[in-house]
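> Mind looking over this structure? Questions follow.
The values are calculated or read from the model by the stated rules, or taken from the named source; none is laboratory data. Because the structure is a prediction, the values reported are computed rather than measured. Cβ placement follows ideal geometry from the backbone for every residue including glycine, while neighbour counts extend to all protein chains displayed.
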Amino acid sequence: MSNPAPLKVSSQIVQEGKPIPMSAVYTGAGGQNVSPDLSWDAPPAGTKSLAITCYDPDAPTTVGFSHWVLFNLPAELKTLPAGAGAPGKTPKGATLGFTDYGESAYGGMAPPPGDPPHRYQFTVYALDVPRLEGADERTTYAKFRFMIRGHVLAQGTVTGLFGRKG
């Protein structure tokens, strides 16, 4: 789909444009590394599965940094509790993809000390396919984005901020 419909996404932990609490921050940066809760409006008719990503476009790389790739979520799901980004805690049938930390799990915020606060974009995608065929726990954010091309019916993002003192 060339122009996905908007999907309202919210969280009690990640508030739009506000600092992200330490509970969602990577352990190596002093946090607890617990994926935040997410809620979203009912997806449009024709939705057969959902997916979630967390991406930092401000990371000092040429391609940003992937913190979470979760796909093959049931279409009827409208909320995801905090902690569902850990292996064994995802909804039945869901798959955790491979993050830039080199793990198939949620990896919290850990920008370089002294950088201005980075933006962390938590995006929910409503897809017109029941499963991403050929995708597994080694599927990266880049491969995931390629695989969903033409299959996104709706999407929405909530963006939180996090920075560390130098």
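> List, please: which pairs have Cβ atoms under 8 Å, are six or more places apart or on different chains, and start with a residue in the stretch 41-61 that is on the phi > 0 side of the Ramachandran plot and end with one that is surrounded by 15 or more Cβ atoms within 10 Å (Cβ to Cβ)?
G46/D128; G46/L153
> So which residues in the stretch 29-87 are out of contact with any strand residue (DSSP E or B) (no Cβ under 9 Å at 6 or more places or on another chain) and among the polar types (S, T, N, Q), if there are any at all?
Hits for the stretch 29-87 are T61, T62.
> Additional query: Only one residue in A105, A86, A142 is outside any loop (DSSP other than H, G, I, E, B) and either among the basic types (K, R) or farther than 23 Å from G46 by Cβ (or both), so which one is that?
A142
> What number goes with the only condition from (1) closer than 16 Å to P19 by Cα; (2) in a loop (DSSP other than H, G, I, E, B); (3) touching a Leu at 6+ places or on another chain (Cβ under 7 Å) that P111 does not pass?
(3)
> Can you report the number of residues in the stretch 62-85 which are of a type in the set (S, T, Y), touching a helix residue (DSSP H, G or I) at 6+ places or on another chain (Cβ under 7 Å) and farther than 22 Å from F162 by Cα? Spell out how you get there, then give the answer.
Filtering the stretch 62-85 down to residues of a type in the set (S, T, Y) leaves 62, 66, 79.
Next cut, touching a helix residue (DSSP H, G or I) at 6+ places or on another chain (Cβ under 7 Å) only: 66.
Narrowing further to those that are farther than 22 Å from F162 by Cα: none.
Residues that pass the stated criteria total 0.
> Name, by its number, the condition in (1) more than 16 Å from T47 (Cα to Cα); (2) surrounded by 15 or more Cβ atoms within 10 Å (Cβ to Cβ); (3) acidic (D, E) that does not hold for D128.
In the conditions (1) more than 16 Å from T47 (Cα to Cα); (2) surrounded by 15 or more Cβ atoms within 10 Å (Cβ to Cβ); (3) acidic (D, E), D128 misses (1) alone.
> Mind checking which residues of the stretch 39-75 are among the charged types (D, E, K, R) and either over 17 Å from A5 (Cα atoms) or in a strand (DSSP E or B) (or both)?
Across the stretch 39-75, the qualifying residues are D56, D58.
> Let me ask something additional. Considering the stretch 38-48 alone, what residues qualify as being in contact with a Ser or Thr (Cβ under 8 Å, 6 or more places away or on another chain) and either of a type in the set (D, E, K, R) or buried (at least 22 other Cβ atoms within 10 Å of the Cβ) (or both)?
Correct list: L38, W40.
> Just for the stretch 49-78: of the residues that are over 16 Å from G93 (Cβ atoms) and among the β-branched types (V, I, T), which one is surrounded by the most Cβ atoms within 10 Å (Cβ to Cβ)?
Top of the filtered list is T53.
> Filter the stretch 35-52 down to residues that are under 17 Å from the mean Cα position of the chain (by Cα) and among the hydrophobic types (A, V, I, L, M, F, W, C) and give me whichever is farthest from G97 (Cα to Cα). Lay out the reasoning, then the answer.
We begin by selecting, within the stretch 35-52, every residue under 17 Å from the mean Cα position of the chain (by Cα); these are 35-41, 43, 49-52.
Checking the rest, the ones that are also among the hydrophobic types (A, V, I, L, M, F, W, C) come to 38, 40, 50-52.
Values: L38: 18, W40: 21, L50: 14, A51: 10, I52: 10 Å.
The residue in question is W40.
> Given the criterion at pLDDT 95 or above and touching a helix residue (DSSP H, G or I) at 6+ places or on another chain (Cβ under 9 Å), identify the matching residue among G97, G150, G88.
When all the criteria are applied, what remains is G97.
> Within the bounds of the stretch 122-134, is there any residue that is outside any loop (DSSP other than H, G, I, E, B), closer than 20 Å to L80 by Cβ and among the polar types (S, T, N, Q)?
Residues of the stretch 122-134 that are outside any loop (DSSP other than H, G, I, E, B), as a first pass: 122-127.
Okay, now just the ones that are also closer than 20 Å to L80 by Cβ, so 122-127.
Now drop any that are not among the polar types (S, T, N, Q), which leaves 123.
Looking through the stretch 122-134, at least one residue is outside any loop (DSSP other than H, G, I, E, B), closer than 20 Å to L80 by Cβ and among the polar types (S, T, N, Q).
> Is it fair to say S35 is hydroxyl-bearing (S, T, Y), farther than 20 Å from A142 by Cβ, modelled with pLDDT of 95 or more and crowded, with 21+ Cβ neighbours inside 10 Å?
Against the criterion (hydroxyl-bearing (S, T, Y), farther than 20 Å from A142 by Cβ, modelled with pLDDT of 95 or more and crowded, with 21+ Cβ neighbours inside 10 Å), S35 qualifies.
> Now a separate question. Restricting the stretch 110-122 to residues that are in contact with a Phe, Trp or Tyr (Cβ under 7 Å, 6 or more places away or on another chain) and not aliphatic (A, V, I, L, M), which is surrounded by the fewest Cβ atoms within 10 Å (Cβ to Cβ)?
P117
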